[in-house]
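Take a look at the structure below.
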Amino acid sequence: MRKTWTTGLALALPLALAACGGSAPAGTDRADGGQSGGTIKIGSLHPLSGAAAADGQQMDNGAKLAVEAINNAGGIKSQGGAKLELLSADTQGKPEVGQSEAQRLIQAGAVGLVGTYQSAVTANVSTVAERNKVPLVIDVSSADSILAQGYKFTFRVQPSSTVLGTQGAQFLDEVAKAAGRPAKQVAIFHEQGPFGSAIRDAFKAEAEKRGMKIGPVISYDSASVSDLTTQMTTVKASGADVLMVSGYYRDGVLVAQAADTVKPGLDAVFGVANGAFDLPQFPKEVGAAGEGYFDANYHPDMTKPETQALAKLYQERYGDEIRTGAVLAYDAVRVIADALERAGSAEPEKVRDAIATVELDTLIAGDGPIKFGPTGENENATPILMQVRDGKVKQVFPADKAETAPVYPAGR
C-alpha cells in the first residue's frame, strides 16, 4: 500500500506541520543515488531580488521551513535518515538567469527543483529540468504553455491558468447573481506576460459564455509600470461595472491607488490569480482603498490547524505574515520529500517516477490531496474566492471554504 504523508509533522518544532519523511535534495554517493546519514540536495529558484523580491524571499523561506521540519522529524527514513540541504538561487525574475541558475544547481548536485514564481522564468527552467532529467515541482507559475510541451519531469502544484481564469469567471457570475446584481460589462487589466495573458484568455472565454460583455482590455508591463491612473480613467469612461485584474503585487497596489483617485464607480474590483489582493500585506499597505477587493486564487486553507501553525511559525521566524507562495513552496518541497521517501533513492529519474504517483495532503485549499495527472497538473488544485473585509483577507466562496459571506457589490 502506498504511504501518504499527512500534514502533521515537525516533531522537533513548536507546531504540527508536514510530516514523516523528507524533502528533496542530494549530494549522494551510493550506487542507487542514496547515502545513509548523508545529505540530499534540492534547488530553490525564486526572484530574491528585483520587483518580485518580496514574494521570492517568502517562497525561499517557505522551502527552508519545509526542509527544517523534515530534517527535525528524522530526515529521509528510507535512506538511512539522510538530511535535506536546500540550495537557493536568485532568478532575479529574468528567464535567462533562471535558466543558468537551474543548470548551476543541478551541477551542484540538486536531484529536484522547486520554483519559480514568474511563468516566463519557469518556462526556461523547465527546459533545463527536462534536458537534465531532474524533476521540477512548480510552486507558483500558472501559464498553461509550460506543461503543454509534453514534459515528463515537470509538475505543477497550483492550478493552471485555464482553471484559475475559468473558475474566476464562474465565481464572479455566481456571487453577482446571488446578490441580485449580475455582472454585465467587465473591464480587464492584466500584466502582459504569459501568466497575465493566459488568465485573460481563460476568464474572457468563460465570462462571455455566461453573457458578460468584456472590455476594455488593457495590458501593462508589471516590471516597469509606475502608475495606472490613465488606464483606470479609461475603465471609468467605458461604463464597466466590474474590473478584473490579473498581475503581481506591486501593480496590484497601483490598481488600488488608481481606483481610489479616479473613483470609477465599479460594483467590484475582482482579482483573478492576483498577486496582491489576497495577501495580508495588501490591506495594510493600501488601507481603505483596498476594502472589498476580491481575488479568485489558490490560497492556504486557514481553517486547517496545520496551516495556522505554519503561519505562526513564519511570523515568529521572519517577522512577517506568510504569503500564499511560501505555503506552495513548502508543499512543493514536501512533494519531492515524499517521492524520495517512497523511491528509497535520490536518483532523479526514480524521484520523478515517485512524484508522478504522489498523493499528499496539502495546506492549500483544494478539492483533495496533491495528485498529478498525465500532463503534470495537480488534478485537485482549485481556486477559492477571497475578499478584503475590515482590513483582513477572508475566504468567502464557495460555501464549504468560506469564513464569512461575500459582500457584493463592494462599491469602488
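Miscellaneous remarks
- Some residue of the stretch 299-307 being surrounded by 24 or more Cβ atoms within 10 Å (Cβ to Cβ), at positive phi and of a type outside the set (Ser, Thr, Tyr): no
- Total residues in the stretch 349-396, condition surrounded by 21 or more Cβ atoms within 10 Å (Cβ to Cβ) and in contact with a strand residue (DSSP E or B) (Cβ under 7 Å, 6 or more places away or on another chain): 22
- Among (1) out of contact with any His (no Cβ under 6 Å at 6 or more places or on another chain); (2) farther than 30 Å from GLY38 by Cβ, the one test that THR324 misses: (1)
- Residue in the stretch 130-142 that is closer than 26 Å to ALA343 by Cα, surrounded by 22 or more Cβ atoms within 10 Å (Cβ to Cβ) and basic (Lys, Arg) present: no
- The condition of being of a type in the set (S, T, N, Q), within 18 Å of LEU385 (Cα to Cα) and not assigned by TED's automatic domain parsing to the domain that holds ALA123 holds for only one of SER222, SER246, SER226, SER197, that being SER246.
- Test for VAL388: is it part of a strand (DSSP E or B) and not charged (D, E, K, R): yes
- Residues in the stretch 218-242 that are in contact with a Gly (Cβ under 9 Å, 6 or more places away or on another chain), under 12 Å from HIS190 (Cβ atoms) and in contact (Cβ under 8 Å) with a residue 40 or more places away in the chain: SER222 alone.
- Here is the figure for the stretch 206-229: residues that are among the small types (Gly, Ala, Ser) and more than 19 Å from THR162 (Cα to Cα) total 5.
- Picking from residues in the stretch 143-181 that are farther than 20 Å from ASP295 by Cβ and of a type in the set (A, V, I, L, M, F, W, C), the one that is surrounded by the fewest Cβ atoms within 10 Å (Cβ to Cβ) is ALA148.
- Of all residues in the stretch 226-237, those being surrounded by 18 or more Cβ atoms within 10 Å (Cβ to Cβ) and not in a helix (DSSP H, G or I) number 1.
- Set ALA365, ALA410: member being touching a His at 6+ places or on another chain (Cβ under 7 Å) and outside the structural domain of VAL269 (by TED's automatic domain parsing): ALA365
- In summary, LYS184 fulfils each of the numbered conditions (1) under 17 Å from VAL245 (Cα atoms); (2) surrounded by 23 or more Cβ atoms within 10 Å (Cβ to Cβ); (3) modelled with pLDDT of 95 or more with the single exception of condition (2).
The values are calculated or read from the model by the stated rules, or taken from the named source; none is laboratory data. Keep in mind the model is a prediction, meaning the values are calculated, not measured. Neighbour counts run over all protein chains shown; Cβ positions are idealised from the backbone, glycine included.
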